[in-house]
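Structure first, commentary second.
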Protein chains: 2
Amino acid sequence: MSEVFQKATLAKQAAPVLNQLTTEQKNAALERMAQALIDRQDDIIAANKEDLERGAANGMSSSLLDRLTLTSKRVEDIAEGLRQIVELPDPIGDLLEEFERPNGLLVRKVRVPLGLIGIIYEARPNVTVDAAGLCLKSGNAVILRGGSDALSSNQKIVQVLHDALAETDIPVDALQLITNPDRNSVDEMLRLNGLVDVVIPRGGRSLIERVVKNATVPVIETGAGVCHTYLDDGADFKKACDISINAKVQRPSVCNSMETLLVHQEFAHHYLMEIADKLIAAGVEIRGDMRTRDIISGIKEAKEEDWGTEYNDYILNIRIVNHLDEAIDHINRYGTKHSECIVTEDPDRARRFMLEVDAAAVYQNASTRFTDGFEFGFGAEIGISTQKLHARGPMGLPALTSTKYCVYGNGQIRQ
Amino acid sequence: MSEVFQKATLAKQAAPVLNQLTTEQKNAALERMAQALIDRQDDIIAANKEDLERGAANGMSSSLLDRLTLTSKRVEDIAEGLRQIVELPDPIGDLLEEFERPNGLLVRKVRVPLGLIGIIYEARPNVTVDAAGLCLKSGNAVILRGGSDALSSNQKIVQVLHDALAETDIPVDALQLITNPDRNSVDEMLRLNGLVDVVIPRGGRSLIERVVKNATVPVIETGAGVCHTYLDDGADFKKACDISINAKVQRPSVCNSMETLLVHQEFAHHYLMEIADKLIAAGVEIRGDMRTRDIISGIKEAKEEDWGTEYNDYILNIRIVNHLDEAIDHINRYGTKHSECIVTEDPDRARRFMLEVDAAAVYQNASTRFTDGFEFGFGAEIGISTQKLHARGPMGLPALTSTKYCVYGNGQIRQ
């Protein structure tokens, strides 16, 4: 029996136990997990050193090494993240609808856990703890498959969490980590219909595409973000300037940062040069279409493939458009349905943009960087869904639940 | 360019137009579609004759031929179904949540169409009209792939609907029918990521399994129903009797009918013989476990494979259990997470059953036959979801929608 099948089976068997726990029992377990991480941070940091040394020997880039690194401060932040999940309302058992039918049947729609959630992710070991905390709090068992680069860290973290769970009401088996670094172990997990209720990939585009292509279990797509900001003819200059710069440079490595700036020709004529100067001063490389290069000299040409690229870096495409329709068409063609913004003072054009642009989040006069569970007030998130089924946008705890109809009768039969 | 790709592309292009229509525009189009079906029923019935003759020549069973047959009455019922969809509330644009963040951002979560929905189904031509009506009313374009047995009927129906749509605000291209009976056309549709937003299979288990296995686009699983009724020690005899018989024989061919009756040993001792007599009198063949055969003589043994079989026929498995836990374990092992019932007067045991049984609908003291969009008051349904993601149980119009966050700011940027 393979590791994946065995661990998924154990986790699935633990799911019904978890489903019957009270919020207090689950919170107490999360609290103990947080304390264990803090108490045993030296063990975790030592295991993390093994990953870092292996990474350095394999020529891992300094930015990836940085993401992988755990320090005392970072472990404490991770533990604090768990404590924030304790504070979140427990969605399980929530009564979503209640109605009585003419025949006297009482129908109640209630929130229930999904069951067993698979999470496939890359180098950051903090995801191991976040994902475990969110899944367990929402009453789900979880099977984690982290990147092989972080394997030593992840194994130690899960060992610490297992030791903590052993002293709580959450069954230890409800949390599983795949340790076989073989790619086949991912593919096997993607096909465990009947055991795994949903798989959520967290990572780069190639990981997500591989999961979508190979999975037969349901998948929630997350993450990829080719986000646009459109500066309309009716835009306020200061807002246009602030939002464009914030969306690009406040944190370019994340999915909700801007990759392409679309500018109405009239607005461009008056203001593009000034905005571009600020972007360049902030370290941004600009690639433009022909008309943009007429205004900003000495920049590269934005090529066809650039419009669809998620740079996650200090690079920005700029295109000048004739009107709102051209901006909407561009976004619906090249965007990844993540976060899109119009800067305008014109309510009609804002209304059209928000209706016609097909994305999880559409903004009028605010940075796309706000698409985030914390910023929306949901607390920690398991990811940002870019698909339309089940959950769209930042996914808090309710996105990790399903529903059930409970129907109460008094002997009713169908005629 | 293949037929599937071409038609999906046309439908996808029509989706944004549909998204901008008012409820009145959509309802007027559905009304015209209904009238066109009535006006041109002779054409439709003539096309249906071709299917029936081909079916008879190919040795199609009389029950399948009956399902395939269109009469004047049936066409009028189908048209009436469209008019019922007109009466349903339009979910598009519904405001689901609204909140203001401390930084002044106003966040509104609104209902939007999914985009392009693919429906794959089998012989009944009424599905062609139901699915078209439900998808269009919820602002979605739709691509239909019906069974080859009903191809002539479906082609004529879609031609009539297209002629009707041509005189409305719904673009004709928003409704597409795949006419290539090649199986590859289904597989191609299942992999049109970026064009098809969801595929919903409606039909038997083999069709659904094939779709789940081959699709890379999101799927909503429907239908398969191995449903149980558990007669608890605390059951009222009359309710137990009425519900068991209704769940089995009122319409055995459908997914929410009962396949297995589980009976507490004490209740069985007193009442099973009497209930079995009534079932047998109603034409039901009973297959039992050992203890059942001790009580009811002369019946077949229920074999391991029988417990997981959806008979859709006048056949019923009966098993005697020692206690509630055994009933719950049996259901969670052999059920398809569709509809499950406990007959009991004991509120604690009912509560445990409804919490611990993992199914879309769980009943206390009512027939599982009630799991149905009309019976739940949703109006027409596109199917009954047996998966946990996105929609679970009878799927009305809201199950054919997604959501979008519309965020209104005043120049907010992220710190």
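The values are calculated or read from the model by the stated rules, or taken from the named source; none is laboratory data. Nothing here was measured: the structure is a model prediction, and the numbers come from that model. In this analysis, Cβ positions are derived from the backbone assuming ideal geometry, glycine residues included, and neighbour counts consider all displayed protein chains. Just the protein is used for accessible areas: all its heavy atoms, side chains included, with ligands, DNA and RNA removed. Shrake-Rupley method; radii C 1.70, N 1.55, O 1.52, S 1.80 Å.
What is the minimum Cβ-to-axis distance for chain B, in whole Å, where the axis maps B onto A, and to which residue does it belong?
Nearest Cβ to that rotation axis, in whole Å: B:390, 2.
Any idea what the dipole of chain A comes to, in debye rounded to 20, about its Cα centre with Lys/Arg Cβ at +1 and Asp/Glu Cβ at -1?
940
Cut-off under 20 Å on the C-alpha distance; same-chain residues fewer than 8 positions from residue A:49 excluded. Which lysines are left, in chain and number order?
Candidates past the 8-residue exclusion: A:73, A:156.
Have a look at B:193, B:140, B:19 and tell me which one the Gaussian network model of chain B (Cα, springs below 10 Å) gives the largest fluctuation.
In the Gaussian network model the winner is B:193.
Leaving out ligands, DNA and RNA, what percent of the accessible area of the protein assembly as shown is carbon and sulfur, probe 1.4 Å?
Carbon and sulfur: 47 percent of the exposed surface of the protein assembly as shown.
Order A:230, B:271, most accessible first, counting only protein heavy atoms with a 1.4 angstrom probe. Please list the in-between numbers first.
Working: A:230 0, B:271 80 Å².
Accessible-area ranking of A:230, B:271, largest first: B:271, A:230.
Taking every residue in B:215-223, how many Cβ atoms of other protein chains lie within 10 Å of its Cβ, on average? Could the numbers behind the result be given before it?
Values: counts 2, 7, 3, 9, 4, 3, 2, 0, 0.
Mean shielding count: 3.
At residue A:183, with labels set 7 Å past Cα in the Cβ direction, how many nm apart are the copies from this one, shortest first?
Nearest to farthest, the other copies are at 2.9 nm.
In square nanometres, what is one fourth of the surface area of the convex hull spanned by the alpha carbons of the protein assembly as shown?
36.2
Quick check: net charge around residue B:13, other residues with Cβ under 15 Å of its Cβ, Lys/Arg +1 and Asp/Glu -1?
With Lys, Arg at +1 and Asp, Glu at -1, the net is -3.
Taking the Cα atoms only, what angle lies between the long axis of helix A:3-19 and the longest principal axis of chain A, rounded to 10 degrees?
So the helix axis and the longest Cα principal axis differ by about 80 degrees.
Once the Cβ-Cβ distance between residue B:43 and residue A:61 is put in as r, and R0 is 60 Å, what FRET efficiency do you end up with, to the nearest 0.05?
0.35
Helix A:151-165 versus the longest principal axis of chain A: what is the Cα-based angle in degrees, 0 to 90, to the nearest 10?
50
Below 8 Å between Cα atoms, with a sequence gap of 6+, how large is the relative contact order for chain A in percent?
Value for chain A: 18 percent.
Would you tally the net charge around residue A:372, using a Cβ to Cβ cut-off of less than 12 Å, leaving residue A:372 out, and scoring K and R as +1, D and E as -1?
Taking every other residue near residue A:372 into account, the sum is +2.
Using a/c under 1.5 as the rounded threshold, could you call chain A rounded, prolate or oblate? The axes a ≥ b ≥ c are square roots of the C-alpha gyration tensor eigenvalues, and prolate needs a/b larger than b/c, oblate otherwise.
oblate
Could you tell me how far the Cα centroid of the stretch B:229-287 sits from the Cα centroid of the stretch B:302-318, in Å?
Spelled out, the Cα-based centre of one part sits 14 Å from the other.
GNM on chain B, C-alpha springs below 10 Å: top fluctuator among B:165, B:207, B:105?
B:105
Which ³J(HN,Hα) values, rounded to whole Hz and listed in residue order, are derived for the stretch B:404-413 from phi using the Karplus coefficients 6.51, -1.76 and 1.60 in 6.51 cos²θ - 1.76 cosθ + 1.60 with θ = phi - 60°, glycine and proline given as x?
8, 8, 9, 10, 10, x, 9, x, 4, 10
Once the label point is set 7 Å along the Cα-to-beta-carbon vector, what list of distances in nm do you get between residue A:2 and its counterparts in the other copies?
Result, one decimal in nm: 2.7.
For residue B:97, which inter-copy label distances result when the label point lies 7 Å beyond Cα on the Cα-to-Cβ vector, reported in nm to one decimal and in ascending order?
1.8
Magnitude of the Cβ-charge dipole of the stretch A:227-370, K/R +1 and D/E -1, about the Cα centre, nearest 20 debye? Before the final figure, lay out each step's value.
Numbers: 17 positive and 26 negative charges, 82 e Å.
The calculated dipole for the stretch A:227-370 is roughly 400 debye.
What's the total accessible area buried between chains A and B, using a 1.4 Å probe, rounded to the nearest 100 Å²?
5700
In terms of the Cα gyration tensor, with a ≥ b ≥ c the square roots of its eigenvalues, is the stretch B:227-370 rounded because a/c is under 1.5, prolate because a/b exceeds b/c, or oblate? Before the final figure, lay out the partial values.
Numbers: a/c = 1.34, a/b = 1.16, b/c = 1.15.
Note, shape of the stretch B:227-370 comes out rounded.
At 7 Å along Cα-to-Cβ for each site, give me the label-to-label distance between residue A:415 and residue B:295 in nm.
Result: 3.1 nm between the two label points.
Counting DSSP beta bridges with both partners in the protein assembly as shown, what percentage is antiparallel, nearest 5?
Within the protein assembly as shown, antiparallel bridges account for around 25 percent of the total.
Using 0.36 nm times the number of residues separating residue B:280 and residue B:84, minus their current alpha carbon distance, what extension gain do you get?
Additional length available on full extension: 66.7 nm.
Note down the accessible area of residue A:191, probe 1.4 Å, to the nearest 10 Å².
Residue A:191 has an accessible surface of roughly 120 Å² with all protein chains in place.
Rounded to the nearest 0.05, what FRET efficiency do residue A:71 and residue A:314 give with R0 = 25 Å and r taken as the Cβ-Cβ distance? Could you check? Mind dumping the intermediate values first?
Working: r = 26 Å, r/R0 = 1.03.
Result of the calculation: an efficiency of 0.45.
Cα-Cα over 26 Å: which of A:388/B:248; B:137/B:404; A:213/A:388?
Checking Cα-Cα distances, A:388/B:248 exceed 26 Å.
On a 0 to 90 degree scale, rounded to 10, what angle separates helix A:324-334 from the longest Cα axis of chain A?
Helix A:324-334 sits at roughly 50 degrees to that axis.
Once phi is turned into ³J(HN,Hα) by the Karplus curve 6.51 cos²θ - 1.76 cosθ + 1.60 with θ = phi - 60°, what whole-Hz value does each residue of the stretch B:134-148 show in order, with x for glycine and proline?
5, 5, 5, 4, 8, x, 9, 6, 9, 10, 9, 9, x, x, 5
Rounded to the nearest 20 debye, what is the charge dipole size of the protein assembly as shown about its Cα centre when +1 sits on each Lys and Arg Cβ and -1 on each Asp and Glu Cβ?
540
Rolling a 1.4 angstrom probe over the protein heavy atoms, how many square angstrom per residue are accessible across the stretch A:17-116?
On the way: 5090 Å² over 100 residues.
Per-residue accessible area for the stretch A:17-116 comes out at 51 Å².
The stretch A:62-100 to the stretch B:12-57: how many Å between their Cα centroids?
Value for the Cα centre distance between the two parts: 50 Å.
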